[in-house]
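What follows is a single structure, written as structure tokens, with notes after it.
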Amino acid sequence: MSKVAIIGGGAAGMFAAVFAARRGHEVSVYEKNEKLGKKLFITGKGRCNITNACEIDELFASVLTNAKFLYSSFYGYTNEDVIRFFEDLGVKTKVERGNRVFPVSDHSSDVIKALEKEMKRLGVVVHLHCSVKTIKVEDGKFAGLVLMDGKSVQADACIVATGGFSYQTTGSTGDGYEFAKEMGHTVETPVPALVPMEVKEEFVKELQGLSLRNVRAQIKDGKKVLCEDFGEMLFTHYGVSGPLMLSASSIIGKKLKEKELTLLIDLKPALSEEMLDARVLREFEENKNRQFKNAVTKLFPAKLTPVMVERSGILAGKKVNEISKEERKQFVYFIKHFSMTLTNLRGFNEAIITRGGVKVKEIDPGTMESKLVNGVYFAGEVLDLDALTGGFNLQIAWSTAYAAAMGIQ
Ligand SMILES: Cc1cc2nc3c(=O)[nH]c(=O)nc-3n(C[C@H](O)[C@H](O)[C@H](O)COP(=O)(O)OP(=O)(O)OC[C@H]3O[C@@H](n4cnc5c(N)ncnc54)[C@H](O)[C@@H]3O)c2cc1C
């Protein structure tokens, strides 16, 4: 039996605490906040998308950085294991669109409560309001912790589960990166990921709050298509957000840091250009004697209509029966290629996750132990791992936490 000190009482820290304690270790968790799982509480809009019920291949495909590193931990603790774990603790789960798994209650607090209860049952000691200042290392081995108040903590091993750098009010302020650097680890530069993006054109302000379901988005660098997907997006006062845009940001984020990119939205992806032309023609025929701006209101949500009219190249007051076939065709093309200029990613405070972190080449993928310092383990978002939305990032936290807990002798 070892004495295990866990830094961070978020998703990975709590999960690691449960499994280390189940193995018979004496476990203490050090959490700087006044309560455990502050970020977990806000996951999935307060509903906590705990994992994704997809095939294991898709789990790997949804990891954007260092998927191979996760081979043993994902197989060692799968999405099915996660579902079973929570069901066994009394958290009934349900599967929603895109295989997203949520608690039936729709309350992330139930996930946190279940973990807390299990930790208590197993005798895990939780120290709240307790920030870890440094990790001591002697002769290449873990030698204890120093807390912010100067107190020392003796333990045989520690798990660094301090999270990333985003939504810092939840406690994830990047401390783990500093601990890692002090121990000689390389930290890949943290950048915001799954993050809204800024748009150059002023018209987005008019669209603020508008959510578009079932659109196809393409992001291009010149003629080169960088990513393409289908789903739901949201306009904000500065640009674009929503699941489709958040996922896209993780794919094109690096490029967007270098240069502006073009976002093309197909507003009617279910219709081919011919079908859409027929639909527009029908609207025009029914509204022959009206002005263009009043003839297209059925085609778009109310907020979008004035923007589409203004940007179509057709005068808003033009009589529909004066619109040429050529103009109509261009309008149809425009609906399928509604274009904007992406200028930047938003900051860490709006990023769902952090890309970058402790370099995984310096970590044992089977046990999550540091290859540089014996007895120090890493789990969760502090590592240079990130995935798309859909429960995949929490799966990374659970699987790596399990591997670390099992790795400690
Ligand atoms: C708005 C939002 C919604 C999300 N929704 C989902 C979702 O539905 N599904 C999904 O899969 N992922 C989601 N994520 C991502 C997911 O929350 C994270 O990937 C996950 O929480 C990472 O777990 P972690 O334990 O590594 O880090 P965290 O959960 O961030 O926990 C780290 C903990 O360490 C503590 N800590 C840090 N430094 C110290 C220190 N020096 N001393 C003591 N304690 C310290 C922090 O206070 C914190 O409690 C969401 C993220 C956000 C921001």
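Residue count for region 154-189, restricted to those that are closer than 18 Å to residue 5 by Cβ and touching a Phe, Trp or Tyr at 6+ places or on another chain (Cβ under 7 Å): 4.
Listed by position, the helices (runs of 4 or more DSSP H) inside region 1-68 whose residues that are within 9 Å of the ligand (Cβ to nearest atom) and not aromatic (Phe, Trp, Tyr) number at least 1 are 11-22, 38-42. Only residues that are within 19 Å of residue 402 (Cβ to Cβ), without any contact (Cβ under 8 Å) to a residue 60 or more places away in the chain and either in contact with a Leu (Cβ under 9 Å, 6 or more places away or on another chain) or not basic (Lys, Arg) (or both) were counted across region 86-131, and they come to 8.
Residues in region 344-363: is at least one among the polar types (S, T, N, Q), away from the ligand (no atom under 12 Å from the Cβ) and more than 23 Å from residue 173 (Cα to Cα)? Checking region 344-363: not a single residue is among the polar types (S, T, N, Q), away from the ligand (no atom under 12 Å from the Cβ) and more than 23 Å from residue 173 (Cα to Cα). Restricting to region 141-168, name every residue that is surrounded by 14 or more Cβ atoms within 10 Å (Cβ to Cβ) and either assigned to a strand (DSSP E or B) or more than 16 Å from the ligand (Cβ to nearest atom) (or both). Within region 141-168, 142, 143, 144, 145, 146, 147, 153, 156, 157, 158, 159, 160 qualify. Does region 230-244 contain at least one residue that is under 30 Å from residue 320 (Cα atoms), at pLDDT 95 or above and within 23 Å of the chain's Cα centre (by Cα)? Yes, some residue in region 230-244 is under 30 Å from residue 320 (Cα atoms), at pLDDT 95 or above and within 23 Å of the chain's Cα centre (by Cα). Note on region 188-215: residues that are part of a strand (DSSP E or B) and within 16 Å of the ligand (Cβ to nearest atom) amount to 5. Residue-level check: of (1) hydroxyl-bearing (Ser, Thr, Tyr); (2) closer than 25 Å to residue 406 by Cβ; (3) surrounded by fewer than 17 Cβ atoms within 10 Å (Cβ to Cβ), residue 134 misses just (2).
Every residue, every condition in (1) out of contact with any helix residue (DSSP H, G or I) (no Cβ under 7 Å at 6 or more places or on another chain); (2) assigned by TED's automatic domain parsing to the domain that holds residue 73; (3) not hydrophobic (A, V, I, L, M, F, W, C), yes or no:
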| residue | (1), (2), (3) |
| --- | --- |
| 309 | no, no, no |
| 326 | yes, no, yes |
| 338 | yes, no, no |
| 356 | yes, yes, yes |
| 373 | yes, yes, no |
| 383 | no, yes, no |
| 387 | no, yes, no |
| 399 | no, yes, yes |
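Scanning region 301-355 for residues that are buried (at least 16 other Cβ atoms within 10 Å of the Cβ) and among the β-branched types (Val, Ile, Thr) gives 305, 307, 309, 314, 320, 323, 332, 335, 343, 352, 353, 354.
Go through region 105-134 and give me each residue that's in a loop (DSSP other than H, G, I, E, B) and over 23 Å from the mean Cα position of the chain (by Cα).
Within region 105-134, 122, 123, 124, 128, 129, 130, 131 qualify.
Taking region 171-187 as the range and being crowded, with 18+ Cβ neighbours inside 10 Å and part of a helix (DSSP H, G or I) as the test, the residues that pass are 175, 176, 177, 179, 180.
The values are calculated or read from the model by the stated rules, or taken from the named source; none is laboratory data. All figures in this text were calculated on a predicted structure; none of them were measured in a lab. Heads up, the Cβs are rebuilt from the backbone with ideal geometry, glycines too, and the neighbour counts pull from every protein chain shown.
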